[in-house]
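Here's a structure for you.
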Amino acid sequence: MNPANSDRGDNELSWPTSTHAARRFIMRALPHASPMDLATGEAEARPRADEPPVLATPSVIEGSALRAIRVAPARGARLESGFLGFLDGAQDVRVVSHADGIPIVWATVSAAIRVRRNRRLTAFPRRAPAISRRYYLPLRYLEELEPAFRNDPRVVDSGRPDASGVIPSRHPAALLDRALQRIQQDREALEQSLTEAWCEEESSPIYVDGSITASATASRSSLAIGVVKSHRTLYAEGDAFRVVVGLDAGERSSVFRVAPRGRHPVASWYVRLRGAAGRDALFGLVRVEAAESDDLTFRADEISRWIIAEGSPLALPDGRWDKMSYGIRDTEEFLRAIS
Amino acid sequence: MSNEPLGRVVATERRPNTPHEFHFWTALDSPVGIGTIVRVDGSNPVNGQIPRVYGIVVEGFSYTDLQSPMHDVLGHDGTPGSAGFAVTERAEIRLYSAAVLRQLPDEPLQPVPMGEVHLAGEDDVAVALRMDSYLKEGARTGIPIGVYRAGATDSTIYLDADFLLGPEAAHLNISGMSGLATKTSAVEWLLASVFAHFPEDKGSIAAVCFNVKGPDLCFLDQPGPLDDRDLEPYEKMAVAAKPFDRVRYFAPYTAKGFALNTLRSNEALLDNVTPLTWGLREVLQYAEVLLNRDDIDAKADALIDFIKERVLDRVSDKDNYLSRDHTVQSFADLEDWFRDLLRGLEKSNSDSWRTHHIATIRKVRNRLSNLSTRCAGLVTDSGVVSDLPFGSFEDRMVYVVDVATLEEDAQDLIFARVVSKLREHLERRDLGVKHLIVFVDELNKYAPSDGQDTYVRKMLLDIAERGRYLGLVLFSAQQFRSQVHRRVVGNSGTSLFGRMDADELATPGYSVLSAAIRTKLATLEKGQLMVRHPHFTQPIFVRFPRPAVMLGRVGVEQFPQAVESGLDVALYRALRPLDHSVTLPWVQKLVALYDEAELLKARDATIRARPASVKAYFEAQFRKVIPTEPAVAAAAASREETRAVRTLPIDDPYGF
């Protein structure tokens, strides 16, 4: 997918490339809409929609029970990394106006790969960053919308029934939640397309920020390594909980299988990047996803060391610096600069 | 012209671009540095023309995405050595600020637009520095000052002769620490460049250099060692890599009057060294230089004026006080006149003569008689004058006046009189050349920013402010520009700066320079200069080649200074360069016959006249004396035991 091309429509209006332009643009399509004051905080970027925190039972595939395995010294490790690329996505969501209480959502969704050469990160020359700028509107509640605008492929109908057939109510919060879900899906789609392209065209491992289970290609490729920082689902039910939260810096857990509903199974394990003494239990803890293979233990040890190595230099000032690699922070900064 | 961009212009609200400054980033390995000239190509036309901006880098910044140094400490567990093992290096920026040299089009003057930044090529440099206006074929007035180097660019930087040597602007001032081959070397190179490139249609040009310290300028006609790397810029700038072939040296005698008071007194180099001696007339004209206000009050001043107007070179008739007629032409004559006058006043018990009180007369006698002592070697009792060739100066000739070993009074007197004479002749257009460069080192001594007003300082101010109309151009140098009178340096159209002392750079005069430029000035290598010139809107850094002349310290080793010896050897050394048939025995024979004053007078006359037959001319200066055989024999036997034959009285009817 190349949003740079997909964003070029035949609409007589010039498609916006900024929040201000998006607000002006929608005023022509929906003249009676009330613009948001962008100077106030009302139109600030919206956080991603989060799932509720749950504990899940790990299906261990390395040994019989989940245990801690040391892969690197707790401190002062001088480790190599095999990652060549880093992939991340970003979304910037703004409510630019309201039409009869309906939030008009404008989002910029992007994804990019950065590659490392001579210890410096640069743009990936063979695959341009993917950027998409779209309105997310519940069209069923906006009957007066111009047909040309309504039919523009860059206008996403966030009022359609979801997989369960549920149609969002007119409640502005419900509409906003639904829009955020659609935006998140679009971001994941961009990330997925880039990941799959890498797996098909490249021969070196890539560090993917987040899960790779959405893609059949990535979940089966030995090149894509997903690193999950959020632990809304913690695979640590029962005795495994103590093992996971008790991991020391430089230790990993046994490998277990993750197979979310509607997604693809992968091998997964926890790695503690930094000591959590004096911190919360999940400090410096990431969950790694990789394709299942016959040499799981070797792969898990090797990949774990790579990920620990990627913890330097620190990703500060990002608030998630304890779990984030510098390559992913660089990719996020890159996306922020170009989108 | 370089097409590959090496940077991009950036501007933020906090650090916007202006019409005079812009910012750009480059790759980490770009050849940009402080002083690099760059070109910005805008992207949006203004009045139908794509704007093009030229700038010079004046400040540089480097930083990473690190928010706090503490983050780096934490990231490497407080172990600096482990930083080298990080798999990734932080994103890093090279950000530069550049001062605008020129914008095209000139109007409307707008902030520098976003655009690509290119390393300026040779043509760009010419346009950026507005050199294109004076390097046009047919109207070329460029004088090469050095080579600007950046990346692959190797560009000759030219000064505009109209702004260096007049009439539009003029004068040049050089500042720099001593001992780093900046000031003297730069002047030697620049004189060679001026002589090679000064346009023929602008007339003749010469230089008068005052050698004020050491042997700096004593060997301008001797070759210095140059290697291939030195020769390259000479070739590029079309200046012959050879010493000055037309140099004349002038130096007074030592106090004894036997040898020249200069470090260039080696016999092998004396053929273009001329004594500098003045008599009463020359000194009285500039008595103000030597006699300060504490010495001379209004009454004394009036008597000196009277002597200048009514006594000097005139016959003072015998009167009630003067016992005989006097013709005062030398310090000796003046002393006779004073002695006779005071004796007459005392004899007649009178306390004044022509309204001048006897005390004033005694005071003036004391001060004037003292002059020949204070400036012994330069001022002669006898009134013999040997001077610069005012009126017959030659094109592309360097005249070096060596005052390095003289007392301060004598230095001031020489400086004041020579410059005044040059000015007089240039005003009358009869100096012999149309333009004259006067080089003075240690300007902070001659034109200090503080202290009492002196004749020399007033004269330097006069040259600085009005000299360019006459064709009199001041090239001056000093270690500390801040200690020189601001009107002297302020009137210098062109300024050169070598490596500077940090304390000097901290003075207000340098506050217009960025911190990075000041840092660069404090660390300049030998042969590097910062140039300010009326056509350049910002200072430019250039390299100039090693001068093709012998270094002073090398010269004094290769050509040791002649040891001051006896009168016979001194005469031999003085006459031998004029005529190689002169021998020491021949000189010794004459020394045995005549007294010292006569011999020195004859020597001065011979050197001044430079006759075809030196020996005959020299001998003709003496009255005929028939020596006795024993005297001649004694002279031949032992120079040490030689005694002059007593000279005959002038009125001896039996003398020949």
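The values are calculated or read from the model by the stated rules, or taken from the named source; none is laboratory data. Given the structure is predicted, the values throughout are model-derived calculations rather than measurements. Glycine also receives a Cβ, built like all others from the backbone with ideal geometry; neighbour counts cover every protein chain displayed.
Identify, from the list B:Pro113, B:Pro108, B:Pro69, the residue that is more than 28 Å from B:Gly42 (Cα to Cα) and modelled with pLDDT of 85 or more.
Within the list B:Pro113, B:Pro108, B:Pro69, the selection yields B:Pro69.
Out of segment A:243-277, which residues are charged (D, E, K, R) and at pLDDT 95 or above? Talk me through it step by step, then tell me what you get.
Pass one, segment A:243-277, residues charged (D, E, K, R): A:248, A:251-252, A:257, A:261, A:263, A:272, A:274.
Correct list: A:Asp248, A:Glu251, A:Arg252, A:Arg257, A:Arg272.
While we're looking at this one, here's another question. How about segment B:234-250: which of its residues are in a helix (DSSP H, G or I) and within 30 Å of B:Val403 (Cβ to Cβ)? First the steps, then the outcome.
Going residue by residue through segment B:234-250, those that are in a helix (DSSP H, G or I) are B:234-236.
Answer for segment B:234-250, where residues must be in a helix (DSSP H, G or I) and within 30 Å of B:Val403 (Cβ to Cβ): there is none.
Return only the number of the condition from (1) among the β-branched types (Val, Ile, Thr); (2) within 14 Å of another protein chain (Cβ to nearest Cβ); (3) within 24 Å of B:Pro144 (Cα to Cα) that B:Val127 does not satisfy.
(2)
Write out, first by first residue and then by second, each pair whose Cβ atoms fall under 6 Å of each other, whose residues are 6+ apart or on separate chains, and whose first residue, in segment B:522-548, is under 16 Å from B:Glu232 (Cβ atoms) while the second is of a type in the set (Asp, Glu).
The qualifying pairs are B:Pro545/B:Asp230; B:Arg546/B:Asp230; B:Pro547/B:Glu188.
Within segment A:327-339, how many residues are in contact (Cβ under 8 Å) with a residue 24 or more places away in the chain and in a helix (DSSP H, G or I)?
Of the residues in that region, 9 qualify.
I'd like the residue in segment B:88-108 that is part of a strand (DSSP E or B) and touching a Ser or Thr at 6+ places or on another chain (Cβ under 6 Å) and, out of all such residues, is nearest to the other protein chains (Cβ to nearest Cβ).
Selected residue: B:Glu92.
Name the residue that is nearest to A:Ser158 (Cα to Cα), counting only residues in segment A:179-194 that are more than 12 Å from the chain's Cα centre (by Cα) and surrounded by 23 or more Cβ atoms within 10 Å (Cβ to Cβ).
A:Ala179
Would you pick out the residues in segment B:109-147 that are assigned to a strand (DSSP E or B) and either within 29 Å of the chain's Cα centre (by Cα) or not acidic (Asp, Glu) (or both)?
If the condition is that a residue be assigned to a strand (DSSP E or B) and either within 29 Å of the chain's Cα centre (by Cα) or not acidic (Asp, Glu) (or both), then B:Gly115, B:Val117, B:His118, B:Leu119, B:Gly142, B:Ile143, B:Pro144, B:Ile145, B:Gly146, B:Val147 are the ones that fit.
Conditions: (1) assigned to a helix (DSSP H, G or I); (2) free of Cβ contacts under 8 Å to residues at least 40 places away in the same chain. B:Ser350 meets all but one. Number of the miss?
(1)
Then there is this: From the list B:Arg553, B:Arg573, B:Arg546, which one is assigned to a helix (DSSP H, G or I) and either within 21 Å of B:Leu190 (Cα to Cα) or in the same structural domain as B:Ala259 (by TED's automatic domain parsing) (or both)?
Numbers: B:Arg573 fails: either within 21 Å of B:Leu190 (Cα to Cα) or in the same structural domain as B:Ala259 (by TED's automatic domain parsing) (or both); B:Arg546 fails: assigned to a helix (DSSP H, G or I).
Among B:Arg553, B:Arg573, B:Arg546, only B:Arg553 is assigned to a helix (DSSP H, G or I) and either within 21 Å of B:Leu190 (Cα to Cα) or in the same structural domain as B:Ala259 (by TED's automatic domain parsing) (or both).
Say we look at segment B:60-71 and pick out the residues that are part of a helix (DSSP H, G or I) and either in contact (Cβ under 8 Å) with a residue 24 or more places away in the chain or more than 7 Å from chain A (Cβ to nearest Cβ) (or both); which of these is surrounded by the fewest Cβ atoms within 10 Å (Cβ to Cβ)?
Here is the first cut: in segment B:60-71, the ones part of a helix (DSSP H, G or I) are B:69-71.
Next cut, either in contact (Cβ under 8 Å) with a residue 24 or more places away in the chain or more than 7 Å from chain A (Cβ to nearest Cβ) (or both) only: B:69-70.
Numbers: B:Pro69: 8, B:Met70: 11.
Filtering first and then ranking leaves B:Pro69.
Same structure, new question: Looking at segment B:281-300, which of the residues that are over 26 Å from the mean Cα position of the chain (by Cα) and at pLDDT below 85 is surrounded by the most Cβ atoms within 10 Å (Cβ to Cβ)?
By that ranking, first place goes to B:Ile296.
Exactly one condition in (1) under 30 Å from B:Ile157 (Cα atoms); (2) under 24 Å from the mean Cα position of the chain (by Cα) is false for B:Lys520; which is it?
Among (1) under 30 Å from B:Ile157 (Cα atoms); (2) under 24 Å from the mean Cα position of the chain (by Cα), the lone unmet condition for B:Lys520 is (2).
Looking at A:Ser325, A:Ser312, can you tell me which residue is facing another protein chain (nearest Cβ under 9 Å) and in contact with a His (Cβ under 9 Å, 6 or more places away or on another chain)?
A:Ser312
Test B:Ala259 against the criterion of being under 28 Å from B:Ser392 (Cβ atoms), of a type in the set (A, V, I, L, M), surrounded by fewer than 18 Cβ atoms within 10 Å (Cβ to Cβ) and in the same structural domain as B:Gln452 (by TED's automatic domain parsing), and give yes or no.
No; evaluated as a whole, the condition is false for this residue.
Give just the number: which of (1) at negative phi; (2) away from every other protein chain (no Cβ under 14 Å) does B:Gly48 not satisfy?
Of everything listed in (1) at negative phi; (2) away from every other protein chain (no Cβ under 14 Å), B:Gly48 misses just condition (1).
Mind checking which residues of segment B:72-87 are more than 9 Å from chain A (Cβ to nearest Cβ) and of a type outside the set (A, V, I, L, M)?
Result: B:Gly78, B:Pro80, B:Gly81, B:Gly84.
Do any strands (runs of 3 or more DSSP E) lying entirely in segment A:73-184 carry at least 3 residues that are of a type outside the set (Gly, Ala, Ser) and away from every other protein chain (no Cβ under 14 Å), and which ones are they?
Strands (runs of 3 or more DSSP E) meeting the threshold: A:85-99, A:102-117, A:130-137, A:155-157.
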